[in-house]
Amino acid sequence: MTKRSLICAAAAVSALVVSCSQKTPQPSVDPDLGLKDAYSDAFLIGTAVNRFILSGRDTLSYNILLKDFNAMSPENDMKPEVLHPTPDTWNFTAADQYVAFGKEHGMWLLGHTLCWHNQTPDFFWTRKDGKPMSKDEIFASIEDYIKVVCTHFAGKVDAWDVINEIVSEQGGYRDLGWVHALGGDQDLVDEFVKHVFRCAEKYAPDTQLYYNDFNAWRPEKVAGICRIVKMLQAEGIRIDGVGIQAHWGLDFPKNQYIEDAIDAYSALGMRVNITEFDMDVLPFTRAVQVFGWQGMKDPMYQLEEYEEFLDPYKDGIPAEIEDAHAARFKEIMEIFYKHRSQIDRVTFWGINDRMSWKNGYPVPNRTNYSLLWQRDFTPHAAYGEIMAVPQK
Ligand code: GLA
């Protein structure tokens, strides 16, 4: 019996695992099979992990990790501020534990992320006297970092997010971090991007190399990312894939944009990875995406009259939102499954709603329901829906 038919047969007789407040009947799933089994003919199923999970202190997440996932991303422990917090210090302890855990349990492992404007100390691009580094110093700084890190993890991770989030919503470069230090000139930043991928190719030879970004479905941004891919390819610089982060919501993005983005990257020979999938169910998130989120950190939005509007599900997820959450996760997983020949991996950005960054972004201190398990570790209805997608 194939694994797939086993899933179908088991599903027909198994008891329903999912229990929550939704009204719609849920498809049955075999409690012994996990997401990774349901999708074994399609792509890897990953999750972001943290130290509490890997150490077993978060026991229930640990058990879910081993049952449902076959790929991992380090939520924070391989970011520059963790690996190289000061000019004189390096700290590989947590990242080494991540790698050791992954190897022990046969997980596919992502290294995340080498070159980013965020969670990266200023000394990467600023001199000790506070003045910006020269172009040569900046190029040397990123090369030194990539050399140390990729050498340390040589043969231990399967892929690197080489550059994270450098493209703007309009398709140019974002004037932040490395780009800002370089003065923002497009030609110079193009040179920098080529340099960064050349370094990754040199110091991580047997590792997949990706470009990773949010809103990587927006047509202008897709065009900007494709421009970079083609630029690298034209110079014979290796890039293997594009990561679509997929921090999405009940009402965005349009499904057609998702499909078009997958096709656009794939048409350039890129393997597509869905790298940071979660679902924002709270009001106003899409609007904040459009007009910017910085203002929403203002303490004013924590006042009672705003709070009631912005954070309406503090006491639990209403049945109709649970249904919408399940339907949206299902609809998107159906798109991924349809495009499975182009997609290598779908990674969720965490396990339990409590660990999701979406409780703090774009508006701080909210109660969101962004993942597949609720705060008490009951699976959301979405879990059963997603398990059933490949059976259809
Ligand atoms: C980006 C980064 C991730 C993470 C999320 C927010 O998507 O790539 O590492 O920081 O933001 O949690």
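Here, each number is a calculation from the coordinates, and none is a lab measurement. All of these numbers come straight from a predicted model, not from anything done at the bench. Here the Cβ is made from the backbone with ideal geometry for all residues, glycine too, and neighbour counts use every protein chain on show.
Label sites at LYS128 and LYS156, each approximated as a point 7 angstrom past Cα along Cα to Cβ, lie 2.9 nm apart. Please say if region 317-362 is rounded, prolate or oblate, where rounded means a/c under 1.5 for a ≥ b ≥ c the square roots of the C-alpha gyration tensor eigenvalues, and otherwise the choice is prolate for a/b larger than b/c and oblate otherwise? Cα axes put region 317-362 in the oblate bin. Which part of region 347-391 falls in the paramagnetic zone of ASN118, meaning amide N under 12 Å from the point 7 Å along Cα-to-beta-carbon? Within reach of a label on ASN118, which here means backbone N under 12 Å from a point 7 Å along Cα→Cβ, region 347-391 contributes 357-358, 360-363.
Ordering 56-67, 106-117 by mean Cβ neighbour count within 10 Å, with the highest value first, yields 106-117, 56-67.
Relative to the dominant Cα principal axis of the chain, helix 319-338 is inclined by about 60°.
Qualifying trypsin sites (Lys or Arg not before Pro) in region 113-200, where qualification requires a DSSP coil assignment and no more than 10 other C-beta atoms within 10 Å, comprise LYS128. What the phi angles of region 34-50 give under the Karplus curve with 6.51, -1.76 and 1.60, with θ = phi - 60°, is a coupling list of x, 4, 4, 6, 4, 9, 5, 8, 10, 7, 5, 10, x, 8, 6, 10, 10 Hz, glycine and proline written as x. Relative contact order for the chain: 20 percent, from Cα pairs under 8 Å spaced at least 6 residues apart, divided by residue count. Each residue, LYS338 and LYS147, gets one label point 7 Å from its Cα in the Cβ direction; the gap between the two is 4.8 nm.
Counting every other Cβ atom within 10 Å of each residue's Cβ, SER266, SER370 order from fewest to most as SER266, SER370. Taking amide H as placed 1.01 Å from N in the peptide plane, ARG271 has its amide H under 5 Å from the amide H of GLY241, VAL242, each at least 5 places away in sequence or on another chain. Close amide H partners of TRP373, meaning residues 5 or more places away or on another chain with modelled amide H under 5 Å apart, are ASP353, HIS380.
Helix 135-152 versus the longest principal axis of the chain: what angle, 0 to 90°, nearest 10, using Cα atoms? Once rounded, the angle reads 50 degrees.
Counting neighbouring Cβ atoms within 10 Å and putting the fewest first, the residues THR86, THR47, THR120 line up as THR86, THR120, THR47. Over the chain, DSSP H runs of length four or greater, each weighted -39,500 (n - 2.57), average out per residue to a 222 nm ellipticity of -12000 deg cm²/dmol. Using only the Cα atoms of region 104-259, build the gyration tensor, take square roots of its eigenvalues as a ≥ b ≥ c, and label the shape rounded, prolate or oblate: rounded if a/c is under 1.5, else prolate if a/b is larger than b/c, else oblate. Note, shape of region 104-259 comes out oblate. Within the chain, the longest run free of exposed loop sites, counting GluC sites (Glu not before Pro) that sit outside DSSP helix and strand states (H, G, I, E, B) and have at most 14 other Cβ atoms within 10 Å, spans 1-168. If the Kirkwood radius is taken over C-alpha pairs of the chain, then at 25 °C and 0.890 mPa s the Stokes-Einstein diffusion coefficient equals 112 µm²/s.
Going from the fewest other Cβ atoms within 10 Å to the most, the residues CYS150, CYS226 appear in the order CYS226, CYS150. Normalised by the number of residues in region 241-392, the mean separation of alpha-carbon contacts (under 8 Å, six or more apart) gives a relative contact order of 29 percent. Sorted on the mean count of surrounding Cβ atoms within 10 Å across their residues, most packed first, peptides 346-354, 288-296 read 346-354, 288-296. Once the Cα atoms are used to define both axes, helix 59-68 deviates from the longest principal axis of the chain by about 90 degrees.
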